[in-house]
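Contents: one structure, followed by commentary.
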Amino acid sequence: MGQGLSEAIATSGEEVTLCDKTTKLAERGIRGIGESIDREIHKWGLTQTDKRAILARVFPSSDVSLAEDAEIVIECIPENLQKKRELFIELDKICSSDALLITNSGTLSISEIAEATQRPSKIIGMHFLNPVTKVPLVEIVKGLKTDEETFQRAVDFAELLEKKWITVNEYPGYVTTRIIVPLLNEAMHVLMEGVATADDIDKALKLGFGFNIGPLALADMMGLDVVMSWMENLLAELSEHKYNPCPLLRKMVRAGHLGVKTGWGFFRYDQDGNRIANGSDIAHDKEGEKVS
C-alpha cells in the first residue's frame, strides 16, 4: 500500500518519501514502483520520460524523523491497533502542529488511534484500495474528534490524487471492507465445500452480477493475510459470525499462500502478478498436496 500510494503521489507531481523499517526495504518498494510503471509503458499508458520523472520524486528512507518537515504523513503499516497507536505517538512528537496525519486503516477505529496523540482533532482515516493507482475510490473516515479543517484537507489531498471520495462516519469496517469481507468469506466457504471450482465461482459473480473481478481473484490481489486480518478485526469488534475467517483461508495463510504477492493463492501468478492461464485454481504445496 505504501508503494502504491508513493507511486500515486509522485505521479500527481508531488515529492514523497517512502519510509520503511530499513532503507533496503524502501528501495525495494521503489523498484516495485519502477516495475509497475514498466507495465504501463508496455501498455502504452506511460513513457520512459514519465518513469524517470516519477521515480525522481520518490525518496527511500528508514528515518521516521524526516516526517518533521512533511505537510502530509500517511501511515500504511499492517492492521494492528497497538502498533498503529505507537507509531502515531511517535509521529505526534515529530511532526509539525499543522501536519495532516492520516491512517490508511481498513477496519480499525480512527478515534482510538487518534486518542494516542495530543491532537486527536487532526487525525483522519483515508482508506485507499489496492491497486492505488487504478482504483478511483478513497473512503475519508472521520474520527469522533476529527475537525472540519482536517476533513477538508483530506478532501483536497484525495482530489490531488484524482480520487473520487466518500465520507464515512467511524464504524468498524467503514463501508467497503464491511460489505466485501462477508462476500469474500462466503465465496471461500463455497470453494471449501466443493460446490464449485475457484474459476467457476469467480465466473459466476462476474457474469451473473457484473463484477469486474471475481471474489477469489480479488482476495488474492488484496493479499490473503490482509483479508484475514480484516476479518479478525471485525469479528473482535462486532462479534458477528459472518466475519469469522473461513477455515480454508486460515489454512492458506498458515501455508504462506497469500495470493498475488507470493505467486500462490486461490490461483497461480507469474512474477509480474499476471495469472498463469493453466495454473491450478487452488493452491498446492511443494509436494503437490492440496491446501484444502
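Checking every one of the trypsin sites (Lys or Arg not before Pro) in segment 1-82 against DSSP loop status and a limit of 12 other Cβ atoms within 10 Å picks out 21, 43. Legend: P(r) of segment 1-62 from all alpha carbon pair distances, 5 Å bins from 0, whole percents, reading 4, 21, 32, 24, 12, 5, 1. Going from the residue with the fewest nearby Cβ atoms within 10 Å to the one with the most, 19, 76 rank 76, 19. Here the gap between residue 276 and residue 179, fully extended at 0.36 nm per residue and compared with their Cα-Cα distance, gives a gain of 32.0 nm.
The distance separating the Cα centre of segment 107-165 from that of segment 244-268 comes to 29 Å. DSSP assigns beta bridges within segment 64-174; of those with both partners inside it, close to 30 percent run antiparallel.
Descending by average beta-carbon neighbour count within 10 Å, the peptides 81-88, 162-169 line up as 81-88, 162-169, the highest first.
A DSSP coil position with no more than 11 other Cβ atoms inside 10 Å describes the following GluC sites (Glu not before Pro) in segment 1-85: 15. Here the Debye sum runs over all C-alpha atoms of segment 52-187 as equal scatterers in vacuum, and log10 of I(q)/I(0) at q = 0.10, 0.22 Å⁻¹ comes out as -0.33, -1.47. Figure legend: label point modelled 7 angstrom from the Cα of residue 160 along Cα→Cβ; residues of segment 118-133 with amide N under 19 Å from it are 122-129, 132-133. Using the Cβ-Cβ distance between residue 195 and residue 24 with R0 = 51 Å, the FRET efficiency computed as 1/(1 + (r/R0)^6) comes to roughly 0.70. For the chain, the relative contact order is 12 percent, taking Cα pairs closer than 8 Å that sit 6 or more residues apart in sequence and dividing their mean separation by the residue count. Calculate, for residue 148 and residue 98, the FRET efficiency according to 1/(1 + (r/R0)^6) with r their C-beta to C-beta distance and R0 25 Å; round to the nearest 0.05. With a Förster radius of 25 Å, E is 0.95. Evaluating 6.51 cos²θ - 1.76 cosθ + 1.60 at θ = phi - 60° for every residue in segment 212-229, the Karplus couplings come out as 6, 9, x, x, 6, 5, 5, 4, 4, 5, 5, x, 5, 5, 5, 4, 5, 5 Hz, glycine and proline recorded as x. Spin-label model, residue 71/residue 137: points 7 Å from Cα along the beta carbon direction are separated by 2.9 nm. When you count the other C-beta atoms within 10 angstrom of each residue and take the mean per peptide, 202-211, 138-147 line up highest first as 138-147, 202-211. Only Cα sites of segment 176-262 enter the Debye sum here, all with the same form factor; the resulting log10 I(q)/I(0) across q = 0.12 1/Å is -0.32, listed in q order. Debye calculation, C-alpha points only, no solvent: report log10 I(q)/I(0) for the chain at q = 0.07, 0.09, 0.12, 0.17 Å⁻¹, in the same order as the q values. Taken in order of the listed q values, log10 I(q)/I(0) reads -0.28, -0.46, -0.83, -1.49. Label-to-label distance for residue 244 and residue 209 is 2.2 nm, based on points extended 7 Å past Cα in the beta-carbon direction.
None of the figures in this text is laboratory data; all of them are computed from the coordinates on show. Treat the numbers as computed from the prediction; the structure is a model and nothing was measured. Ideal geometry is used to build each Cβ from the backbone, glycine not excepted, and the neighbour counts take in all protein chains shown.
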